[in-house]
Every structure is written in structure tokens, then in C-alpha cells.
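Data block below; observations after.
What follows is calculated from the coordinates using simple rules that are stated; it is not laboratory data. Just so we're clear, the structure is a prediction, and the values are computed from it rather than from any experiment. All Cβ positions, even for glycine, are placed from backbone atoms using ideal geometry, and neighbour counts span all protein chains on display.
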């Protein structure tokens, strides 16, 4: 690990974070995202304790990440239809693949 720590500042409190050189870029990006989310929350609720700000930021980022990973149901339906057509086309004559 490198000795040059990356710095995250949340509500005026400084956190020093280290990472292997290969992961420093990703960590720097993650720090920027968390700092921005915390700043937005702290602006809306300036009297909130740092722990509450960090918890709300974590929950909002987790929810956003889950939404980003979700597959569009329309895409899922199209893929299922294509799969069924392929299975039918590739099945031996007279075999439908249904039980």
C-alpha cells in the first residue's frame, strides 16, 4: 500500500483512507460520490449528526445502485421470447421441449 492517504471530508471531519495503488483511482471516485451525497444531505438537514448524514448517504447510494443493476422488465420479456423461439428452432423435429 502507498503511504499517501486519500482524504474524504464529511461535515468538516477528515478521514484518511489508504488503498493499493491499483485501487486508488476507484477509491478516489467513490470518495467523491460519497462526499457529494453527504454534502447534499447536510445542506438539506444542517443540524444532522455526521453519523446520520453518513447513514442516509449509504442508504441512498445503495438504493440507487440496486436500481441501476435492475433489468428492465420489457427487456427480460423480449429475451424470454427470443429464448423460446431459439429453443423451438433448435429442437429436433416433433419435440417442443415442453413436459
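Some notes on this structure:
- GNM flexibility winner over the chain from 62, 80, 42 (Cα, springs under 10 Å): 80
- Using a Gaussian network model of the chain in which every pair of alpha carbons under 10 angstrom is joined by a spring, one finds that among 35, 49, 60 the greatest mean-square fluctuation is at 49.
- The angle between the Cα long axis of helix 50-69 and the longest principal axis of the Cα atoms of the chain comes to about 20 degrees, rounded to the nearest 10.
- Among 73, 20, 46, residue whose mean-square fluctuation peaks in a GNM of the chain (springs only between Cα atoms under 10 Å): 73
- The chain: angle of helix 73-90 to the longest principal axis, Cα-based, in degrees nearest 10: 30 degrees
- In this simple spin-label model, placing a label point 7 Å from the Cα along the Cα-to-Cβ direction at both residue 70 and residue 23 gives a separation of 3.0 nm.
- Summed over all non-identical Cα pairs, the Kirkwood treatment of the range 6-70 gives a radius of 12.6 Å.
- In this simple spin-label model, placing a label point 7 Å from the Cα along the Cα-to-Cβ direction at both residue 77 and residue 9 gives a separation of 5.1 nm.
- Mean separation of Cα contacts under 8 Å (6+ apart) over length of the range 6-70, as relative contact order %: 27 percent
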